[in-house]
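Chemist: To start, I am sharing the structure in question, which I have written as structure tokens.
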Amino acid sequence: MILPLVLPLALGLAHQAAPKEPEPPTEVVKAPEAPAPARDAAAKRPATPAPVPAPQAAPAPAAAQAAPAQGLGFASFRLPYTWNAMIPIQGAEVDGLRIESIFFNKREANVWPLRGADFGTRAQVKVTNTSSKNKIPGFAVAVFDAEDRLVGVATGGTKVGSVGAGTSETFDLNFHQVLERLPKGTTFVLSVELTN
């Protein structure tokens with residue numbers, strides 16, 4: 001008789017929810033406290049390392065140093081720049097070689113069947129030899145924009161022969177690779193060096 005009473009009681013206990021496990025205690029983590037302010041401000045700053053001097057190249061032996069140019073006439077001029085217009089130059093002379101003018105442009109053919117063909121960008125320099133000796137000049141020109149950025153460089157000069165005494169000649173200085181911004185130039189530097 002007890003069995004029929006105990007069985008429903010046992011089944012009833014089995015259907016009850018299992019007792020809850022106790023929750024783990026919540027741990028409160030505190031941020032570390034800020035250190036007390038230092039009494040001396042210098043104690044707070046890290047030490048600044050002493051500046052290291054820049055390395056300097058050892059002087060070259062006397063024999064390896066470049067000797068000053070001897071017998072070479074040289075001059076360099078900075079002038080206002082104009083694209084595709086003749087720029088007359090006054091008062092520019094190197095040992096009797098007078099620089100008359102310079103002209104910057106893109107060489108394009110104007111005759112059929114080559115009309116419109118691009119033959120490169122150049123600076124054309126005209127000189128006159130006012131001395132009694134032949135001159136062998138070399139030229140370098142650098143063009144700068146309004147922000148003094150280099151926008152093109154060209155070189156040229158005598159390849160064979162010389163500029164005879166009392167004669168005039170023109171030289172083409174060719175621009176390569178960096179030349180698309182040449183029309184935006186504002187100044188140029190022209191250097192002339194004689195090799196005789």
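Chemist: Mind checking Rg over Rh on the range 74-166, alpha carbons, Kirkwood formula for Rh?
Modeler: Reported Rg/Rh, Kirkwood definition of Rh: 1.02.
Chemist: If you don't mind, there's one more thing I want to ask. Between Lys159 and Ala146, with labels modelled 7 Å along Cα→Cβ, what's the label distance in nm to one decimal, could you check?
Modeler: 3.8 nm
Chemist: Of Arg78, Arg98, Arg122, Arg181, which has the most accessible area and how do the rest follow, probe 1.4 Å?
Modeler: Details: Arg78 125, Arg98 90, Arg122 40, Arg181 150 Å².
Result, largest first: Arg181, Arg78, Arg98, Arg122.
Chemist: Under a 5 Å amide H to amide H cut-off, with H placed in plane at 1.01 Å, what residues pair with Thr187 once short-range neighbours are removed?
Modeler: Those lying under 5 Å, H to H, from Thr187 are Tyr81, Phe144.
The values are calculated or read from the model by the stated rules, or taken from the named source; none is laboratory data. What you see is a predicted model, and the numbers here were worked out from it, not measured in a lab. In this analysis, Cβ positions are derived from the backbone assuming ideal geometry, glycine residues included, and neighbour counts consider all displayed protein chains. Keep in mind that these areas ignore ligands, DNA and RNA; they rest on the heavy atoms of the full protein, side chains included. Shrake-Rupley method; radii C 1.70, N 1.55, O 1.52, S 1.80 Å.
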